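This report refers to the structure that appears directly beneath it.
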Amino acid sequence: MTEAVTPKIPLEKQKLLTVNGDEAVAWAAKQSLVDVVAAYPITPQTIIVEKFSEFVANGEVHTEFVPVESEHSAMSACVGAAAAGARAFTATAANGLALMWEILYIAASLRLPIVLAVANRALSAPINIHCDHSDAMGMRDSGWVQLFVENVQEAYDTTIQAFRIGEDERVLLPVAVNLDGFFLSHTLENIHILPDEAVHEFLGGYRKVPKVKVDYFEEEVPLMLNPARPLSFGPLDLYDYYFEHKMHQIEAMKRVPEVVREVNEEWYALTGRRYGDGVLVPYEVEDADVIVTVLGSTAGTVRHIVKKLRGEGKKVGMVRIRMFRPFPHKELAEILKGTKVVGVMDRAISFGSYGPSFLEINTALYDLKEKPLLVNYVYGLGGRDAPPALIEKMFEELLRDAEKGFVEKKLRFLGVRE
Amino acid sequence: MAQQTLPQVPIKKGEPAYKLWIFEPGWKGELPLILNPRQLAEQKRPAILPGHRLCAGCAAPIIVKLASFAFRGPTIVVNATGCLEVATTIFPYTSWAVPWIHNAFENAAATASGVESAIKAMKKTGRLPWAHVDVVVFGGDGGTFDIGLQSLSGAAERGHDFLYILYDNEAYMNTGIQRSGGTPKFAWTTTSPVGTVLPGKTQHKKPIADIMVAHRIPYVATATPAHWLDLMKKVRKGIEVEGPAFIHALSSCDRGWRHDTALAIEVSRRAVDTCYFPLWEWTPETGYRLTDRSLSIARNPKMKQPIEKFVEVQGRFRHLLKPENRHLLRELQEWVDAVWEDLLNRATNAPR
């Protein structure tokens with residue numbers, strides 16, 4: 001980063017709040033002029049809904065709060081609301097996200113820019129309320145944009161950005177903001193929030209519905225349930241058109257990275273905060289022999305260890321993957337090429353295979369002429385802690401692999417009893 | 001209710017897509033402006049337009065047509081997955097002249113909750129160009145009795161302002177006639193076949209309308225397309241009330257019930273005449289009130305027909321007419337009688 005730009009809203013004009021990740025998300029939703037929040041409680045997401053209910057109860061928002069009877073209905077109501085032209089938001093975790101699964105695909109395929117906060121939590125069984133990414137990885141193929149945040153400040157920032165990204169006419173896709181359960185959802189942090197008006201301006205006010213050309217209307221009509229210009233949403237679509245509609249989604253996904261980058265820069269100009277280029281957040285990667293990739297809050301610990309090892313003269317670095325869907329294959333390969341070993345940290349596993357981001361990175365590196373060695377570290381399942389000592393041990397292993405020039409065991413488990 | 005202008009919907013041919021208004025604005029239960037079904041069909045166009053691909057003889061589009069004649073202005077329709085959804089919207093065509101959304105099978109009521117909440121939020125912030133937009137849901141028996149019951153119950157409990165119209169063809173007809181919670185006892189379906197041991201479905205139909213009454217929502221009613229004026233009035237009442245309303249409409253299916261395509265209306269009439277499917281409405285203020293033909297039967301019990309009259313025209317009950325199965329038919333009759341007696345005891349307008 002070169003010289004610091006003075007943000008439009010300097011830090012002293014931003015309000016300091018001491019909140020946990022859930023509350024930060026609730027604040028972001030509150031300021032984002034959300035029309036409909038339909039949500040159902042599940043640990044560790046519950047505080048988002050509780051906090052938002054308080055805003056509703058105190059008349060601080062115009063939002064219709066729909067306390068649905070299940071997560072399935074939460075997403076269903078969001079689909080109805082967004083189709084009717086509203087800005088819709090919901091939050092969930094783990095089994096709740098799994099219950100939503102069917103409607104996640106429908107939300108994405110109907111091109112409805114719903115924002116969903118996921119307080120990442122392990123899936124049952126055995127039932128476990130703590131953090132891992134197996135819930136988020138279950139929805140990776142559903143057509144949603146998936147962003148992973150590192151800290152509470154970023155949870156706030158990203159939730160607001162998510163509305164902009166999803167509603168951008170180049171995108172029109174739902175966006176999931178992933179924050180690590182308990183590590184972020186329940187951990188207090190001092191954050192800076194914008195004045196309400198600044199957020200309203202950033203989002204361009206209430207949701208604006210794009211206009212589309214439909215055969216049976218002469219003029220362009222708003223893409224919503226509008227009695228004056230009736231459209232049919234969600235018709236039966238067979239082998240003669242379904243594939244083309246999927247192609248639209250594929251194309252929309254391709255346009256996401258540029259929008260995420262633009263929004264990241266715009267946010268930087270507004271607040272003075274940005275997260276890498278919005279897609280990837282590299283740290284000390286330039287001449288690194290070993291680079292570790294990571295999602296979510298663990299990046300903080302990894303960064304700390306990278307700093308420490310760099311102090312000892314070891315050439316190590318880190319890339320935090322902020323955007324998991326669409327996956328930035330090319331950009332990541334660009335960063336990872338030339339390094340000796342890449343350690344891929346996954347807080348989830350595809351049983352019978354590797355961790356989900358390992359598979360992506362394998363794909364990303366395949367076309368490189370000189371490929372780095374790849375190791376997959378599966379860690380932290382069910383909220384198992386990943387303390388600095390453990391991360392350091394991982395780097396030491398990777399540095400040894402770099403020296404040896406080959407990898408014996410590709411899939412390793414970090415912090416599990418032997 | 002203040003008078004509202006109908007949305008002008010220009011379609012290419014230069015004609016408005018649908019013309020309704022058979023009830024005066026601010027309707028208080030009077031007769032409609034048009035009392036003749038032929039005239040109605042000729043002069044008004046419903047929210048569902050011709051060209052859909054529902055089977056010949058299907059009662060569902062008749063129910064939707066009649067219901068849409070009773071709409072009162074800007075209306076959004078939500079549809080659960082089912083015959084109606086599949087056959088009216090095969091892309092790139094649609095039969096719907098009103099904004100229409102299909103989400104999934106089990107969540108029509110939840111989707112309607114979202115639509116209704118969006119309307120409220122937009123109204124609150126001055127973004128709704130109408131005084132009111134009505135939300136009407138059409139769901140089949142599978143999507144209502146079975147897989148969609150949770151979302152329906154939840155939406156009813158939360159008190160969203162929408163009318164849910166169940167078109168009950170008494171099985172999963174869209175997937176090929178599998179039994180549902182709405183299938184009557186002894187009916188043949190592809191998953192309750194008549195075998196050497198089992199005589200079709202072995203359980204009775206779920207009392208779905210009574211379940212909705214138990215929610216104490218503002219309006220619940222039953223209807224059939226044969227009693228068309230009764231149906232339209234009930235639809236309008238359901239739309240007029242603030243809060244959730246539910247109409248259970250019997251919708252004969254010639255493919256699944258195995259009757260002649262011309263008999264859709266006749267079989268619906270017989271369902272009421274035999275008291276297999278009594279017509280009533282319920283509000284928290286009035287309790288159960290019999291309507292139309294069922295009220296006449298209550299006043300003159302001689303009009304009540306034996307259940308054979310309903311059963312004899314349907315192939316799905318054919319086995320009940322065999323001499324060795326007379327006891328099954330008797331059991332069905334006893335069940336119908338018990339339910340009817342129970343209703344007579346509850347109905348506030350039934351003669352004592």
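Annotations for the structure displayed:
- Most fluctuating residue given options A:Lys337, A:Lys404, A:Lys393, as computed from a GNM of chain A linking Cα atoms under 10 Å: A:Lys404
- Direction-averaged projected area, Cα convex hull, chain B: 17.7 nm², rounded to one decimal.
- Applied to the range B:56-68, the Karplus parametrisation 6.51 cos²θ - 1.76 cosθ + 1.60 on θ = phi - 60° returns per-residue 3J(HN,Hα) values of 4, x, 6, 8, 4, x, 5, 4, 5, 4, 4, 4, 6 Hz, with x for Gly and Pro.
- Based on protein heavy atoms only, chain A ends up with 39 Å² per residue of surface accessible to a 1.4 Å probe.
- Averaged over the residues of B:148-155, the number of partner chain Cβ atoms lying within 10 Å of the residue Cβ comes to 3.
- Relative intensity, log₁₀ I(q)/I(0), of the range A:10-131 from a Debye sum that treats every alpha carbon as a point, q = 0.11, 0.14, 0.20, 0.22 Å⁻¹: -0.37, -0.58, -1.08, -1.25
- Within 10 Å of each Cβ in B:121-130, the average number of Cβ atoms from other chains: 5
- By the Cα gyration tensor, chain A has an equivalent ellipsoid whose semi-axes, rounded to whole angstrom, run 36, 24, 21 from largest to smallest.
- The length gained on full extension between A:Thr363 and A:Glu418, counted as 0.36 nm times the residue separation minus their Cα-Cα distance, comes to 16.8 nm.
- Scalar couplings 3J(HN,Hα) for the range A:222-233, obtained by applying the Karplus form with A = 6.51, B = -1.76, C = 1.60 to θ = phi - 60°, are x, 7, 7, 6, 10, x, 7, 9, x, 10, 9, 9 Hz; x denotes Gly and Pro.
- Treating each Cα of the range B:108-158 as an identical point scatterer and summing with the Debye formula, the log10 of I(q)/I(0) at q = 0.14 Å⁻¹ comes to -0.41.
- For the range A:1-74, applying the loop criterion from DSSP together with a ceiling of 16 other beta carbons within 10 Å to the GluC sites (Glu not before Pro) yields A:Glu3, A:Glu60.
- Within 10 Å of each Cβ in A:235-245, the average number of Cβ atoms from other chains: 4
- Taking Lys and Arg as +1 and Asp and Glu as -1, the other residues whose beta-carbon sits under 11 Å from that of B:Phe246 total -1.
- Stretch in chain B that is longest and holds no GluC sites (Glu not before Pro) that DSSP places in a loop and that have at most 13 other beta carbons within 10 Å: B:31-241
- Surface share of carbon and sulfur [accessible, 1.4 angstrom probe, percent] for the protein assembly as shown: 55
- Equivalent-ellipsoid semi-axes for the protein assembly as shown (Cα gyration tensor, √(5λ), whole Å, largest first): 56, 29, 22.
- With 20 Å as the limit on Cα-Cα distance, the pairs of A:Lys371/A:Lys393; B:Lys205/B:Lys237; A:Lys30/B:Lys123; B:Lys28/B:Lys304 that go past it are A:Lys371/A:Lys393; B:Lys205/B:Lys237; B:Lys28/B:Lys304.
- Each of A:Phe52, B:Gly154, B:Gly139 was scored by the projection of its Cα onto the charge dipole of the protein assembly as shown, and the greatest displacement toward the positive side belongs to B:Gly139; charges sit on the C-beta of Lys, Arg, Asp and Glu.
- GNM remark for chain A: springs join alpha carbons under 10 Å apart, and the peak mean-square fluctuation among A:Gly355, A:Gly313, A:Gly96 falls on A:Gly313.
- Rounded to the nearest 0.05, the FRET efficiency derived from the C-beta distance between B:Glu324 and B:Thr175 at R0 = 41 Å is 0.85.
- Only protein heavy atoms count here, probed at 1.4 Å, and on that basis chains B and A bury about 3700 Å² of accessible area in total.
- In the range B:283-352, the chymotrypsin sites (Phe, Trp or Tyr not before Pro) that fall in loop regions by DSSP, at most 11 other Cβ within 10 Å: none
- Taking amide H as placed 1.01 Å from N in the peptide plane, B:Arg45 has its amide H under 5 Å from the amide H of B:Lys19, each at least 5 places away in sequence or on another chain.
- For the residues A:Glu244, A:Glu102, A:Glu150, a GNM of chain A with alpha-carbon springs under 10 Å puts the largest fluctuation on A:Glu244.
- In a DSSP loop and with at most 16 other Cβ atoms within 10 Å, the trypsin sites (Lys or Arg not before Pro) in the range B:243-294 are B:Arg258.
- For B:Ala223, the residues whose amide H sits under 5 Å from its own are B:His248, B:Ala249, B:Leu250, ignoring neighbours fewer than 5 places away on the same chain, with H placed 1.01 Å from N.
- Rough spin-label spacing in nm, given labels placed 7 Å along Cα→Cβ, for A:Asn58 and B:Glu331: 6.2
- Ellipticity estimate at 222 nm from DSSP helix runs (n ≥ 4, -39,500 (n - 2.57)) divided over the protein assembly as shown, nearest 500: -11000 deg cm²/dmol
- Computed over every Cα-Cα pair of the range B:60-100 and binned at 10 Å starting from 0, the pair-distance distribution P(r) comes out as 24, 62, 14 percent.
- Rounded if a/c under 1.5, otherwise prolate or oblate - the range A:26-88, Cα gyration tensor axes: oblate
- Prolate/oblate/rounded call for the range B:184-265, Cα gyration tensor, a/c under 1.5 rounded: oblate
- Sequentially through the range B:85-99, phi angles give Karplus couplings (6.51, -1.76, 1.60; θ = phi - 60°) of 5, 5, 7, 9, 9, 4, 4, x, 9, 8, 9, 8, 9, 10, x Hz, Gly and Pro residues having no value and appearing as x.
- A:Tyr242 contributes about 110 Å² of solvent-accessible surface, heavy atoms of the protein only, 1.4 Å probe.
- Under the convention that each Lys and Arg Cβ holds +1 and each Asp and Glu Cβ holds -1, the size of the dipole of the range B:42-346 around its Cα centre is about 340 debye.
- Cα-based helix-to-principal-axis angle, A:71-83 vs chain A, degrees rounded to 10: 60
- Size descriptor, Kirkwood hydrodynamic radius, that averages inverse alpha-carbon separations across the range A:280-414, Å: 14.5
- Angle between chain A longest axis and helix A:46-57 axis [Cα atoms, degrees, rounded to 10]: 30
The values are calculated or read from the model by the stated rules, or taken from the named source; none is laboratory data. Computed from a predicted structure; not experimentally measured. Because the Cβ atoms are built from the backbone with ideal geometry, glycine has one as well, and the counts that use them run over all protein chains shown. Accessible surface is based on the protein model in full, side chains and every heavy atom, while ligands, DNA and RNA are left aside. Shrake-Rupley method; radii C 1.70, N 1.55, O 1.52, S 1.80 Å.
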